[in-house]
1. Once Rh for the stretch A:165-251 is found with the Kirkwood sum over Cα pairs, what is the Stokes-Einstein diffusion coefficient at 10 °C and 1.306 mPa s, in µm²/s?
2. Which of the peptides B:193-202, B:374-383 is most tightly packed, and how do the rest follow, going by the mean number of other Cβ atoms within 10 Å of each residue?
3. Evaluate Rg over Rh across the stretch B:516-559, taking Cα atoms for both radii and Kirkwood's formula for Rh.
4. Output, in nm with one decimal and in ascending order, the distances from the B:ALA424 label point to the matching label points of the other copies (7 Å from Cα along Cα-to-Cβ).
5. Can you list, largest first and rounded to whole Å, the semi-axes you get for the stretch B:73-135 by taking the square root of 5 times each eigenvalue of its Cα gyration tensor?
6. Please list, in chain and number order, the residues 5+ apart from B:ALA434 or on another chain whose amide H is under 5 Å from its amide H, with Hs placed from the backbone.
7. Report the per residue volume, in Å³, of the convex hull enclosing the C-alpha atoms of the protein assembly as shown.
8. Which of the three applies to the stretch B:60-107, rounded, prolate or oblate, going by the alpha-carbon gyration tensor with a ≥ b ≥ c and a/c under 1.5 meaning rounded?
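The values are calculated or read from the model by the stated rules, or taken from the named source; none is laboratory data. Because the structure is predicted, anything quoted here is derived from the model rather than measured. Positions of Cβ are generated from backbone atoms using ideal geometry, with glycine treated the same way; all protein chains shown enter the neighbour counts. Note: accessible area is taken over every heavy atom of the protein model, side chains too, but ligands, DNA and RNA are not part of it. Shrake-Rupley method; radii C 1.70, N 1.55, O 1.52, S 1.80 Å.
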There are 2 protein chains.
Amino acid sequence: MSGLFQKHRALLDKAIDACTHRYAWTAYPESPSSRIHGKEIPAQAKEDYAAMVGRPFEMDLPGSHGLVGEEVSPYTREPLGIGYPRIDPAVACNAARDAMPAWRDADVATRVGICLEMLDRLGQAPALFVNAHATMHTAGQSFIMAFAGCGANALDRGLEGLAYAWKAMRDVPATATWERQFGAPPAVTLEKRYRLMPRGVNVVITCATFPQWNGYPAIMASLATGNAVVVKPHPNCLLPVALFVRTMREVLADEGFDPGLVTMVADTRSEPATIPLLDHPATAIVDFTGGPAFGAYIEKEYGHLQVYTETAGCNSVVIESTDDFGSMCRWVAHSMCQASAQMCTSVQNIFVPRDGIVADGDRLSFEEVASGLVDAVESHIADPKHTAFLCGALVDDSVQENIDRVRDQTPALGSVLRDSAPYAHPEYPVARTATPLVVATEADNKGFYGREHFGPVSFLIATDDAEHALSRATEDVREHGAITSHVYSANPGFQAQAAEAYADAGASLSINLVGMPINFAAAYGDYHVTGLNPAGNACLTDLAFVAGRFRIVQQRWNV
Amino acid sequence: MSGLFQKHRALLDKAIDACTHRYAWTAYPESPSSRIHGKEIPAQAKEDYAAMVGRPFEMDLPGSHGLVGEEVSPYTREPLGIGYPRIDPAVACNAARDAMPAWRDADVATRVGICLEMLDRLGQAPALFVNAHATMHTAGQSFIMAFAGCGANALDRGLEGLAYAWKAMRDVPATATWERQFGAPPAVTLEKRYRLMPRGVNVVITCATFPQWNGYPAIMASLATGNAVVVKPHPNCLLPVALFVRTMREVLADEGFDPGLVTMVADTRSEPATIPLLDHPATAIVDFTGGPAFGAYIEKEYGHLQVYTETAGCNSVVIESTDDFGSMCRWVAHSMCQASAQMCTSVQNIFVPRDGIVADGDRLSFEEVASGLVDAVESHIADPKHTAFLCGALVDDSVQENIDRVRDQTPALGSVLRDSAPYAHPEYPVARTATPLVVATEADNKGFYGREHFGPVSFLIATDDAEHALSRATEDVREHGAITSHVYSANPGFQAQAAEAYADAGASLSINLVGMPINFAAAYGDYHVTGLNPAGNACLTDLAFVAGRFRIVQQRWNV
């Protein structure tokens, strides 16, 4: 049994326990505070990041020829100038396929031990700080979000995927003795051996904003079950992926395995590599995070492969009533601001009865609810330093275009409650930033609000009443998907009705959630995508996410 | 908690234990012997079967209009004349969809208890005997095979599917308390509720020969996880399906659930219902047993659904050497005869080195190996009564056509080692019967032998040597699939090489299997289809077979 497995065994056991009881826990440091890490490591990491900019990224990939890379920092608006080794999709898939037999034949504990070591190295402070800089200057997140959300939070989801893979594999015994009589004696005794077999190459397509959060669980689950992985990052967001791919390859090589088990195919918008990767005969598993249209295409056209997707939805808030108007506004507004609403859990569509609601015992008009939310947005972004922490930057120009398009359409279909504008980033004066655009509209204007507008755009939608709000919101779930949904109601009957309605629509629901960032989806605690609406099927943390990544062949013989 | 769950709890626990340790066990009577069941129950069952022939089948199905049914007994060659209620695919799917909410909201133990009760009723002696007659006169099996293989053996696979569904659902806790601090105190405490949600309607397409063996596990796994089931039986083999569907509906109704949860859409060759069922928007899961071409079509075109398939393969035997030539020939020949080689585990292609093998220490020529096998076939079918037990009848005329086609092609491509002919059935003089056709050919003639020829057709294929045999056999696995594979070798090195080669090709392997019917795939012991070759992916007995049949939605709220 692998020494690395022994080294990390207690952590795995703890993760399995956390998955079972689903309490809050993290295995990795979430805070970049110098009180924890000192000043030297953060300073060195900043230098290490700066030293990578403008140069070829140091990573040996099989059959690489030339360099590729067109990342632009959302903070400096300058090209990172990092060239990544260019490898052909077929070369990456062939390398992955060729590396698999020895990996497959290693025992489960060896593979899981190596995966745990990968997470451990990625969870060391120097790696976390470099990862945070890399994520900031590609995905546009603030440093603090990049450190936690793309560091510990993502590693926890990776560890969780590993825990589930371990559970699913442990369910299959290695051997059995089987004895029975057929007709006359003697009985027949067979020895049976059950071998866990990988499916093949796992193409992991990561998104522009949170490549680690979905990438780690997919990669961990697939590697643990004996598959090889080819990561295809979004062309905007290569560096964080290149960093973790390099670390994973180092661990594999250190342990005597072919680093071809994890490669990265960097591509460009003009010459995309995804379809050739999916079409390669060795490809058997696809994990996709990205836009709904391409996600649906993959689900339909590549459904003969094992496909896990997380796309996007029309995340909604239904406000029926509240007995804590201030907190409700504060935390809904937080979601409208956080990471410039570029998270899969950001809310977009806020349904409010046209005649207003009862809040803290008083009647508030629609306009008063709107004011409460807008004021809460304003207080989140009053302090420039805090705004920078909370909002970060826009990942690319298309997000600004989304804002501008909605603003342009608004006069005909509603009114602007709060306009978006760049905010001055205290550290990066040219950063691509935008505060939330908040628009009021009518429930009838489905064509306006009823799809994802990626970025800091939200709609306050006037409905006939709370039931109408619920029916409109859940209809959007069915048609456009949802990854997160919220209801605010002081009325237990309506809470129960909402829970049923969202469950019927295949959506998870937070009820009166306050006191924390409502976008937060916790590893070990929160099941992610439900798979029951168009936002994908990558739960991340159930047996279905791992059980299809391996197969069983058996051998049997007479004793 | 359901009284039925308490009633059958010990059986479920035993099944889980059997799945975990994978020993031989059966929960249901395998033998029709009157020493166990007395004479009255069998006699009554025979009368009950006879009373069903020539009449409308008594079953209320939603929206039925008219009758459908064109079954012909392979034993009497006469139409059964049983009319089944005709229902439109959309009506069945709508009824299934509408019945789901109450079933979904029943607790897991209630659903599992009801499923256990269904198996229990189907496993009572009267039901088993009627089922055996029905299976005999549709699928063409001998009575004894129909009793065990489509009775206890199939029920055990159903119980096994239920056990896995239970395990997968038990992995998800019902609730959790989650507490953590975000920034400044106080900590946030959330209650989380995790709800198991069904996927939707499960269309279960059963085959002409063993509808229960694949049907029960699919139906049990889907019902237990909250889905509804529409069974689409093969037009040749409706009666056994109608019987179990009726029993399942009775149990549902007895327990106060809508029997629309299990329906049957009977169709005809000229007006097939499968595509409309698959296209219905409520359909979310497909279990298909049948031909490889249609199976591949479903996997490709309906891959966005959750698809489980068992199709067919080119099941092979590689003979390298043996130290028990007699037993080897006896048991390989048994597979060539059993159920007229209409089982998914029947062997077809027997690869033997052209220069012969070492058997029991002596050199035997290819021709001597061939003679040994043919002689073994002859001894299996020497006694007419035993032949009838072992071989049964051909399910339809197309099987005879397969035999005739291969015989016609043989002169150009090989030689007939043993010709097929009808055998005289002692009880049914006009039964559609055929003894095995055994053909010798060369390894080069892939186009001749290298695909499934359904029925009692087998090929002795002369190869350059044992390695050549192995490479040809495993190449066929990759191209055409395999559900079972065999190697006979007295050489441990070759055994190991074969185990690796078949595992590489994604096939399970039996090594030197003798002393029992080698077609036998044991519930609780044998993982079924590997999913790594074109013969499908329905393992029947792993977490992957059940984990994709349900999803999780969660609700969370502040405490």
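1. 100
2. B:193-202, B:374-383
3. 1.29
4. 10.8
5. Details: eigenvalues 189, 93, 7 Å².
Here the semi-axes work out to 31, 22, 6 Å.
6. Sorted by chain and number, the residues that satisfy this are B:LEU394, B:TYR423.
7. Normalising the Cα hull of the protein assembly as shown by residue number yields 167 Å³.
8. Cα axes put the stretch B:60-107 in the prolate bin.
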